[in-house]
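See structure below.
The values are calculated or read from the model by the stated rules, or taken from the named source; none is laboratory data. Quantities reported herein were computed from a predicted structural model and do not represent experimental measurements. Cβ placement follows ideal geometry from the backbone for every residue including glycine, while neighbour counts extend to all protein chains displayed. For the accessible areas, the whole protein counts, side chains as well, though only heavy atoms, and no ligand, DNA or RNA atoms are used. Shrake-Rupley method; radii C 1.70, N 1.55, O 1.52, S 1.80 Å.
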Amino acid sequence: MKTTNSNIMKAKYIIYLILITGTIFTSSCNDIIDLEPEFVLDGSQRFNSLDDYEFSLTGAYALFRSASYYGNASGPAGAFSTLPDIMSDNLTETQESLANFRQLVNWDYAADNGAIEGLWTDAYRIIAQANITLRGIDEFAAENQGKYNRIKGQALAIRAYVHFDLLRYFATDYDRNSNAPGIPYKLSFSTEDIARPTVSQTWDNIFADLEEAANLLQDVDRGINGAANYTNRSNIDAVTVQAMLARAYLYAGLLSEAEAAATSVIQAVPLAPKSAFAGIWRDENIGATEVIWSVTFNAGEGSPGSNVYFPNGNRSSFRVSNEVLSQYDRINDIRYSSYFEIVGNRLVVSKYLGKGNLRDGIVNWKVIRVSEMYLIRAEAIARQTGRDAAALTDLNELRASRIQGYVPVSLNGQALLNAIAEERRKELFVEGHRFFDLKRTTRVIERTDCGTAFTSCTLSPQSRAWAWPIPINEINANALIGQENQNPGY
C-alpha cells in the first residue's frame, strides 16, 4: 500500500482497520485477560490445504468473544448478549453501576459513540475472517468434498449471521422488500469502499449465504458438534443454519418460511426436561438439552454476562424490572429459580454465574435455543389468518415444559399474539432479544420501573434511536456512504 494522504485516511476506515489487523481489542477492569486469538489471521496468508482453512475458521469463531459482540468488559459492551435487554424495559440500572451505559440506555447516542463504533468494528472483523476462510477455498474442493462443505458452509453462515446482526441495529426497517438503507455486505476480503445497499438487497445476500450454507452442511465429512446432544454446541451445523433462517425470516416478515424453518429445528432438537433446564445455564452436560449454538468462553476469554451481574465483585449493575418479575409464576415456573438468585439482601440476574458450581461469570453464551423456535413458529402461525389453534399449541407446549402443573389456556387473535410476546420476554430474558423484538413489532418502550439512572423512560416507534447511526469514522472515510447516507436524525 502506498503511503499517500488518501491511504493514511483509509487507515482510519473501520473496515480497513479490521482487514489490516485481524485482532480483538477489549478493555479490562473486570479481570479479563485480553489475548489475540491464536487462530486469527491477518489476511496476507495464502492457504495450501483445507487444514489451513479450518485453522482460519477457528479464528472466526474466536472473534465472537469480542467485548463488543458477545463478550463484556469494563465499558459499554455485549452488543448482542446483554445490551439489547439493558436498552429495553427488561432491566433497571442500579446504584452499583459504573454508568458505562448511560448514553445507550437513555437513547441519546450519536455517530461518534465509542460503543457503536466498537460493535461495527468487531462485527466486520468477524466478517473479514470469514471471508479469509472463503477466499480460494473452491480450489481445494477435490481434496475432500465433505471437509470442504463443512468449512465453507460454516464460514458462509458466519458471514450471513453477522451481517444480519448488523442489520438489526443499523436498519430503520426490516421488511423483506424495504428500500430503506441496509448495511454494507462484504462478499470478499478486500479494502474496497462498499455502499449501503437497500434492506431488500441486504436480505438477498443474507438468504443466499444461509441457503448455500444449508445445502453444503447436509453433506459433510464428520459430525460438526461431536456427540448427538444439545448442550455445548460451539459450531454451526445444518440445524443451526435452519435456526438462523427461522430467526431471519421472522424479522423479514416471511411468515410461512419462518414457520417451515422453525419446524425443521423443532423436529431435530428436543426441549429440555424440567430436571435439566437449570443445567443449561451452568453448561452441564446432563442429557439432551436444547442449546442449538453457543459461543464458548473459558478462563481468560472474558465473560458474556458481567455487565448485568459481576459475580467476582458482587456488583449488580442492572436488576430485573418489577414488571418482568411480575410475569413469572415464582413458585411453579422453573425459569424463575434458573434466572434469578438472592445474593445478600438483593435479587440478582444469575443466569450467567459460571459453569457447574463456579461463580466466576465465565459461561458459554447461548446464541440460539430451540425454545425460541417454538416462539418463532407460534408467532409466524398466529400472524397468518385462521391458524390460531396451531399457534396456541406451540405456546402451551413451551409453557408446559417450564411450569409445574401448567393448565393449557385458550386464546385467539391479539390476545394470543400478546401472550406469545410475553412468553418471549420471559423465556429469552437477557438473551439479547428484547430491544429488537420491540423494534421489529413497532411497539413503544415504556419503562414503568425506570430507576435512578434513566433520564428517558419512553421510546416511541417514531424515534431515531431505534436505528443506530453509522459510525462517523466510516462516514468520513467511505466515499460510497458519506453523510447523505447516514441514518435519519444523526
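Quick notes on this one:
- Close pairs from region 253-277: first among the charged types (D, E, K, R), partner modelled with pLDDT under 95, Cβ under 9 Å, at least 6 apart: Glu259/Gln384
- Enumerated helices (runs of 4 or more DSSP H) restricted to region 256-374, each holding at least 2 residues that are closer than 18 Å to Arg233 by Cα: 274-280
- Filter pass, Glu446 being in contact (Cβ under 8 Å) with a residue 60 or more places away in the chain, charged (D, E, K, R) and open to solvent by less than 10 Å² (accessible area, probe 1.4 Å): no
- The lone criterion from (1) touching a helix residue (DSSP H, G or I) at 6+ places or on another chain (Cβ under 6 Å); (2) at pLDDT below 50 left unmet by Asn5 is number (1).
- Identity of the residue in region 375-391, part of a helix (DSSP H, G or I), in contact with a helix residue (DSSP H, G or I) (Cβ under 6 Å, 6 or more places away or on another chain) and not charged (D, E, K, R), that ends up most open to solvent (accessible area, probe 1.4 Å): Ala390
- Flag for Asp108 being of a type outside the set (Gly, Ala, Ser) and either in contact with a strand residue (DSSP E or B) (Cβ under 8 Å, 6 or more places away or on another chain) or open to solvent by less than 20 Å² (accessible area, probe 1.4 Å) (or both): no
- The number of residues in region 155-191 being more than 21 Å from Glu257 (Cα to Cα) and among the aromatic types (Phe, Trp, Tyr) comes to 4.
- The set of residues in region 145-192 that are among the β-branched types (Val, Ile, Thr) and either closer than 19 Å to Phe207 by Cβ or open to solvent by 10 Å² or more (accessible area, probe 1.4 Å) (or both) comprises Ile158, Val162, Thr172, Ile183, Thr191.
- Residue check, Ser234 among the hydroxyl-bearing types (Ser, Thr, Tyr), out of contact with any Pro (no Cβ under 9 Å at 6 or more places or on another chain) and over 23 Å from Val295 (Cβ atoms): no
- Count of region 114-144 residues which are open to solvent by 10 Å² or more (accessible area, probe 1.4 Å) and under 14 Å from Trp468 (Cβ atoms): 5
- Ser371 meets all of the listed conditions (1) exposed (fewer than 14 other Cβ atoms within 10 Å of the Cβ); (2) modelled with pLDDT of 95 or more; (3) of a type outside the set (A, V, I, L, M) but one, namely (1).
- Cβ-Cβ distances below 6 Å connect the following pairs, each with a first residue in region 374-386 that is more than 10 Å from Leu416 (Cα to Cα), a second residue that is part of a loop (DSSP other than H, G, I, E, B), and a separation of six or more residues or different chains: Ile381/Arg387.
- Residues of region 193-202 classified as among the small types (Gly, Ala, Ser) and either open to solvent by 40 Å² or more (accessible area, probe 1.4 Å) or under 17 Å from Trp120 (Cα atoms) (or both), total: 1
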